[in-house]
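Okay, so here's the structure we're looking at.
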Amino acid sequence: MWPKLVKSLTFALVLALLSACGAGSTATVPTAVPEPTAIPTAVPEPTAAPAQTVAPVVDSASTGVALTPVLPATVTDYQGETVVVESVDRIVSLTGDITEIIFALGMGDYVVGVDSSATYPAEKTKALPNIGYQRRLNAEGILALNPTLVIGDEAAGPPEALAQIRSAGVPVALVADPPTMDSPMQKILFVSRTLGILERGYELAGQVEAEIARVRANAATLPRPPRVLFLYLRGTDVQQVAGANTAIDAMITAAGGVNAATEVGIVNSAPLSAEVAIAAQPDIILVLTKGLESVGGVDGLLQIPGLADTPAGQQRRVVDFDDLYLLGMGPRTGQALADLVAVFKDAVAQTGGS
């Protein structure tokens, strides 16, 4: 009897040990949430596995649901530099378009400094410390704000100031700003990845992309494309036209117009002259609001040689837009594009659609 009992107990013990081993094997399965499987090639994937932060951020830009940044975040900037972001507690934004994107993503409460081109959202940006103009930044002024992240686009500079910030141990993340209609989405995804909220970035980028697509479809119904001459004005000192390879060229074309400066062979920008204005023969003169103010309004604008002799000048068809709204290539690009289409349709209707 004893041998049988010992044998039974031994068998039961083996079964228990096998069960314990089986339970232990399932506990080693990774529980981390996988990275998104379809990441646009324009935005490099992180090279380090991130860990979540503990402080959620209220996403007031969409549903009010709390965002939890995944940090550290690793991104590759437009110059090919790898940037590792450990904290987004104190963000200094170097350019107005990036500031607007940060607020649209719901992370505006963490911005502690902005540049002078940051004008939206107005009530928020006015209340923040100003670090000066994006192309003439001062490293000491930025470092005085104790940033944990400095972020902007390729317009930020000078390079020496950015190098000084990096040497102080502060990550500096700069995104490309191509003059195409893909730029808003690329910048949104870069910023959201840098801030550790890529999922929210996909959501916002998708909304902006869909809005742009709807407006472009509406623009395609124009009876004819109006000729548009864009002027960049700063009083009598700076008076330029913008041609191909510029953000405004992309906007005019997407809205169903023809960039008259591009048509006469201008690439990038060139000085405004009477010869250029008359050769362009614009139906519409498009300017920035601050620029129009700097030359004394429409009356002052039409005193510039050549402009009064164009179809647009003769009809006083001058349209102005806020600088960041029209050229920022940010979250409001679809809205700005829709406003351009409305202007173009009105101009074409006034000229009989021919």
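The values are calculated or read from the model by the stated rules, or taken from the named source; none is laboratory data. All of these numbers come straight from a predicted model, not from anything done at the bench. When we count neighbours, we look across all protein chains shown, and the Cβ atoms used for this are built from the backbone with ideal geometry, even at glycine. We work out accessible area using only protein heavy atoms, side chains counted, and drop any ligands, DNA or RNA first. Shrake-Rupley method; radii C 1.70, N 1.55, O 1.52, S 1.80 Å.
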Checklist outcome for this item: Selection from the range 283-302 of residues acidic (Asp, Glu) and surrounded by fewer than 19 Cβ atoms within 10 Å (Cβ to Cβ) yields GLU293, ASP299
Next on the checklist: Tell me whether the range 79-99 contains one or more residues that are open to solvent by less than 10 Å² (accessible area, probe 1.4 Å), acidic (Asp, Glu), in contact with a strand residue (DSSP E or B) (Cβ under 9 Å, 6 or more places away or on another chain) and in a loop (DSSP other than H, G, I, E, B).
Outcome noted: no
Next on the checklist: Just to be sure I understand, how many residues within the range 306-328 are surrounded by 19 or more Cβ atoms within 10 Å (Cβ to Cβ) and among the basic types (Lys, Arg)?
Outcome noted: 1
Next on the checklist: Cβ contacts < 9 Å: first residue touching a residue at least 24 places away in the same chain (Cβ under 8 Å) and over 17 Å from GLU209 (Cβ atoms), restricted to the range 330-347; second residue acidic (Asp, Glu) and crowded, with 22+ Cβ neighbours inside 10 Å, any location; separation 6+ or different chain. Result?
Outcome noted: PHE344/ASP283; ALA347/ASP283
Item to check | Scope the range 157-174; condition part of a loop (DSSP other than H, G, I, E, B) and open to solvent by less than 10 Å² (accessible area, probe 1.4 Å); matching residues | outcome: GLY157
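Here's the yes/no breakdown for (1) assigned to a strand (DSSP E or B); (2) surrounded by fewer than 23 Cβ atoms within 10 Å (Cβ to Cβ); (3) of a type in the set (A, V, I, L, M):
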{"site": "LEU233", "(1), (2), (3)": "yes, yes, yes"}
{"site": "GLN239", "(1), (2), (3)": "yes, yes, no"}
{"site": "ALA250", "(1), (2), (3)": "no, yes, yes"}
{"site": "GLY256", "(1), (2), (3)": "no, no, no"}
{"site": "ALA270", "(1), (2), (3)": "yes, yes, yes"}
{"site": "ILE278", "(1), (2), (3)": "no, yes, yes"}
{"site": "ILE304", "(1), (2), (3)": "no, yes, yes"}
{"site": "GLY330", "(1), (2), (3)": "no, no, no"}
{"site": "GLY334", "(1), (2), (3)": "no, yes, no"}
Checklist entry - Is it true that GLY141 is under 17 Å from ALA118 (Cα atoms) and open to solvent by 20 Å² or more (accessible area, probe 1.4 Å)? => result yes
Item to check | Some residue of the range 151-173 being at pLDDT 95 or above, within 17 Å of PHE103 (Cβ to Cβ) and out of contact with any Asp or Glu (no Cβ under 9 Å at 6 or more places or on another chain) | outcome: yes
Checklist entry - Which residue out of ASP177, ASP182, ASP153 is within 12 Å of the chain's Cα centre (by Cα), open to solvent by less than 10 Å² (accessible area, probe 1.4 Å) and in contact (Cβ under 8 Å) with a residue 40 or more places away in the chain? => result ASP153
Checklist entry - Only one residue in VAL191, VAL215 is in contact (Cβ under 8 Å) with a residue 12 or more places away in the chain, of a type in the set (A, V, I, L, M, F, W, C), within 29 Å of THR310 (Cα to Cα) and open to solvent by less than 40 Å² (accessible area, probe 1.4 Å), so which one is that? => result VAL215
Checklist entry - Which of the residues spanning the range 110-138 are under 23 Å from PRO331 (Cα atoms), open to solvent by 30 Å² or more (accessible area, probe 1.4 Å), assigned to a loop (DSSP other than H, G, I, E, B) and among the charged types (D, E, K, R)? => result LYS126, ARG135
Item to check | Meets criteria (open to solvent by less than 10 Å² (accessible area, probe 1.4 Å), among the aliphatic types (A, V, I, L, M) and in a helix (DSSP H, G or I)) for VAL208 | outcome: yes
Next on the checklist: Being in contact (Cβ under 8 Å) with a residue 40 or more places away in the chain, farther than 30 Å from GLY300 by Cβ and either crowded, with 22+ Cβ neighbours inside 10 Å or over 22 Å from the mean Cα position of the chain (by Cα) (or both) is the requirement here; does ARG200 meet it?
Outcome noted: yes
